[in-house]
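Accompanying notes for the structure given below.
The values are calculated or read from the model by the stated rules, or taken from the named source; none is laboratory data. Keep in mind it's a predicted model, so treat the numbers as computed, not measured. In this analysis, Cβ positions are derived from the backbone assuming ideal geometry, glycine residues included, and neighbour counts consider all displayed protein chains.
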C-alpha cells in the first residue's frame, strides 16, 4: 500500500500532488527500480479520484523517465531516472557457495533508513535542520575530562568490572538528587539506568508489550519509539496532535480522540512527550496533563512520559511533569543526558513504580547486562560537581536565542499559507507548507542549495500530511538559521509559482480532455 | 512441572535424591511458601518411581518443617522452614490508589535471578567461584586513563556527539586489524559494534528469530543466551555436550544428535561456543568444527559462534575459529572485550556477511541508536597502542596458572566418583559430583563456610543434571583456589557420609514398610 495522501482542498491540482508524491517516494527509496505501481484505474479507485488524475500524473512521470509501461505486465519504476542517485536494493542472495538467503530470515519490518538516504551526499558545510541534537561546539570537554580522570583514579577497578544491572550506585544516587530537584520523590527502587531513551522504549516494550497489544502514540511522533513498537508487533493506535490553537481545544494531544480510543480498545500503554514534543515542539497544558492522568487512571493504562526535552525550557517557569502529578503510580518516566549534554555517552534512566522497575531490570539484564560504567560514573561525577546544571543553564540560553532567530526568520521570509506554532523550548519547530505541497519534493530542491530538513511524513504513525516538515534549530547559529530559512522560503516560492503555472496547464488539459 | 531428575544408577537412595532436590528447589526460590506440591501418588507416576519413595522424601521434609499437608487440600511449602531466608514473592498489586496490577502486564518468562539469591548474604571475603569474569586487580587502569585522555583531547567533540549505529569508525578499523591477526579477512561492511555479547545475542534474535522459530543450543549452555531466545519465544532445541572423552566420540557438541535435530526440525539458527565453552570449559576439536560447518551448509542454517573466551588459551596453538573455517558465509561470529579486559565497558562486536550486518545494524539503531562512544574510542586507542595484546599476554599467563592450581587442588582433595575434564583455557571448569548428589544442596553447606560456586542446573536448556557445578577460576589466586577446593571437598565428603547413613536407614525403613 503506497503512502499517498491527496488534499482536495488545495489549490494545487490533484494530479500534481500525486506526481510529486510518487516522485518523492522514488527519491526516498520507498519505490525502487523494478517495483510495479498500480494501474491508473486501480490507483484512482484506491485514492477516490478520477482516473484522468492518475493518468495525467503517470504521463508526466513517464516523460520524466521515472516510470515505464510494459505491455501486458503493467507500469514499473524505471531505474536511475532523472539523474538522481537511488541506492540499489541489497542483492537477494549471498555471495559465496553457501548462498544462504539471509533476506528470507529477515523480519517484515524495515528500518527507518530513508531519511538518511534523502539527506546523504550533501557537503559537510550544509545547513542542516535535520538532527534534534545538542550543539557539539558547546560540549564541556575539559570538565568531562576532569570527571573521567577523577573516576578512574578513585574507583577505576569498580567501574571497569561487571556492575549491577539497575545501574552504577553513585549515578543512581546523583540522579535521585536531580529528581528531587525536579519535584519527583523517587527512591533507589524507583530508578533504572538505561542506555538512553531509545533503549528505555525497547525495554518497556519487551517488559510490557506482546504481539497484538495496543499502544497509543501521538500522531506525529518520535519515529524511534514507533520503530520499537512496530518491531514488537504491537498495534500502534495514533491520537492526533493539535498543532494550532483553536477556541475551546487546547494544543497538544487531542484528549477527546484519546478518550474515544481508550473506550474502543483494550490499551496496554499510552506513550507521549508532554514537553516540547518531537516533532511538533508543542507542550501539553497543565489542565490537559491532569485530564490525561484522570483518563489513564479510569482506564487503568500506564503512561510512558518521554521527558527528554523538558529541561530545555525557554521561559523560567516549567509545567509540572506527568510524574510530578502522578498520584496513582501510573507513569513510567523516561529521560536521558542526550539532549542536554552528550548523546555519544549512552546513558538514560527510567523512573517508575518498584514493581515495574523490577521487571524492567530483569529485562535490562537479559538485554545487555548493564549500561557502560565508565560513562555512568563520569556522568555521576559531572552531576555531583554541579557541572550538569551549569551546562544546562548555558545551553538553555543558547537554544532560546536560536529558537527566537528561527521564529523571526520564518516571519520575515515565509510566504503566506505556511503555518507554525512557536515552541517554548526543546529543539524542534513544526512547519506546515500550504496544503498540496510535498515537503519531500521541496527537500530535493533545497538540498541542491545546501539546506536540509526532515520531511514530516517520517514522523507519522498514520495519515501523513505531506506538506509538513520539522526544523531542528539547536545545531545552527542565528546567522545560519536566517540563511537556511531564507533559502527554504525562496525555493518554496519558486515551487509555488511552478504550481500556479501547473494549475493553468491543468485547467487547459482538463478542458481538452473532457 | 518441577525440574526433578533422579538418577537410579546412583548408590544414593532415590528418596534421598528427591528430598535433597525438593529442598534445593525451596532454597532456590523455585518453590515458594504456599506453593502446592503434587500428591505422592501423582509425583511417583511422573517420576516413574514407587509411591513409597515419594512418601519417604515427603516424610523427611515434613519432619524438617519444610512442607505441610492440609487435609482435603494437598501438600504445601510451609514458609520459612528450616530457619533459611526465603525471599518473599513481590506483592501482587501496587500501592497507591491507582492499583494497576503491573504483574498482569508482565510476560510469562521470569528472569534468572535465582543464582543471585542463592549466593546472596555471604561475606565480601568469601571465596567465589561464581563469576566467569576477569580479575579486577590486573585491570590496566593507568594505561586506560592515558587512552581516554588522548581521546578526549584529540576527538572529544566527535566522541561525545551522536555517532553511526554500526560503530565508531576508528574502533572498527582497529578491530579489522585484530581480526586480520585472527585469520579472519573482514571488511568494514562485515563488522558491527555492539554493547557486548549479551546484546549481540539480543540483536541476532531480534533480526532473525520469530516466535515459534527453532534455535539449536548446546546443553548445558550460557544462560544469558537461553534467556534471550526464550524471551523471543523461540523453540530452544538442545544438543548435548559430551563432557568426557570416550573412544570414537569426540568431546564437545554431540554431532550425531545435532544432525538428527537438523533433520527433524526446520532450524533457524545454531548457537555455540566452540572455544572454552561456558559452562563446561570444553573446546570443540578441529574435525568437529569442519563437520559442524558441513552440516550447517547442508541444512542451510546459519551458525552463531560465541568467541568470547577464545583468546584465553593456555597452550600456544589455537584451533581455528569457525569463522576462519567458514567458506560458505554461514557464520555469525560474536566477540567482546569483556573476558580479556574490562566488562564494565560494554563493547563487543559481530562479524558476519554484509547482508546480515546490514540487517543487524538497522536493529541496533532501533534498539539503542549506537554503543557508547567514549568506551569505543578509548578501546580503539587501547588496541592501537598495543595495550590490548600486552594485557592479553599477561592475563593468559595468570589464568593458565590458576587453572593449573584448580586442577591440582581437585586431584588432591576430591573424593572418588567426582569427575572433571581439564579445560585448555577460558575461565570455567565443569565438575560432576557422584551421581545422586545435588550441587544446589552442596552449595547451601559450603556457603556457610564462605565458598561459592554456580550449580550446574542453571545452565541447562533441559534435563538438568543436579550433580553438576561450574567453577570459574579467573577471580581467585592459587592459594584461594586451593583453600576453596579443600572446603568444597570436605563438605562433599561429609555429605557423602550422611548419604551412606541414609542408605542404611533407608534399607531399614524399606524392610519395615514392605
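Observations, loosely collected:
- Residue within the stretch B:199-207 that is more than 12 Å from chain A (Cβ to nearest Cβ), in contact with a helix residue (DSSP H, G or I) (Cβ under 8 Å, 6 or more places away or on another chain) and modelled with pLDDT of 95 or more present: no
- Residues located in the stretch A:311-336, provided they are free of Cβ contacts under 8 Å to residues at least 60 places away in the same chain, touching a strand residue (DSSP E or B) at 6+ places or on another chain (Cβ under 9 Å) and within 12 Å of chain B (Cβ to nearest Cβ): A:326, A:330, A:331
- Residue match in the stretch B:280-296 (condition: assigned to a helix (DSSP H, G or I), within 12 Å of chain A (Cβ to nearest Cβ) and surrounded by fewer than 23 Cβ atoms within 10 Å (Cβ to Cβ)): yes
- Each residue in the stretch B:6-23 was checked for being closer than 17 Å to residue B:440 by Cβ and assigned to a loop (DSSP other than H, G, I, E, B), and 4 of them qualify.
- Taking the numbered list (1) touching a residue at least 60 places away in the same chain (Cβ under 8 Å); (2) facing another protein chain (nearest Cβ under 10 Å); (3) more than 18 Å from residue A:371 (Cβ to Cβ) in turn, residue A:348 passes all entries but (3).
- Some residue of the stretch A:47-55 being modelled with pLDDT of 85 or more and in contact with a strand residue (DSSP E or B) (Cβ under 9 Å, 6 or more places away or on another chain): no
- Among the residues of the stretch B:367-389, those identified as within 8 Å of chain A (Cβ to nearest Cβ) and either crowded, with 24+ Cβ neighbours inside 10 Å or out of contact with any helix residue (DSSP H, G or I) (no Cβ under 9 Å at 6 or more places or on another chain) (or both) are B:367, B:368, B:370, B:371, B:372, B:373, B:374, B:375, B:378.
- Subset of the stretch B:143-183 (residues that are outside any helix (DSSP H, G or I) and within 11 Å of chain A (Cβ to nearest Cβ)): B:161, B:162, B:163, B:164, B:165, B:168
- The lone exception for residue A:231 - which of (1) in contact with a strand residue (DSSP E or B) (Cβ under 9 Å, 6 or more places away or on another chain); (2) within 12 Å of chain B (Cβ to nearest Cβ) it fails: (1)
- Contacts under 7 angstrom Cβ, first residue in the stretch A:439-465 being on the phi > 0 side of the Ramachandran plot, partner crowded, with 20+ Cβ neighbours inside 10 Å, 6 or more apart: A:450/A:127
- Residue in the stretch A:81-91 that is over 29 Å from the mean Cα position of the chain (by Cα), closer than 30 Å to residue B:356 by Cβ and modelled with pLDDT under 80 present: yes
- Hey, residue A:308 assigned to a strand (DSSP E or B) and within 14 Å of chain B (Cβ to nearest Cβ) or not: no
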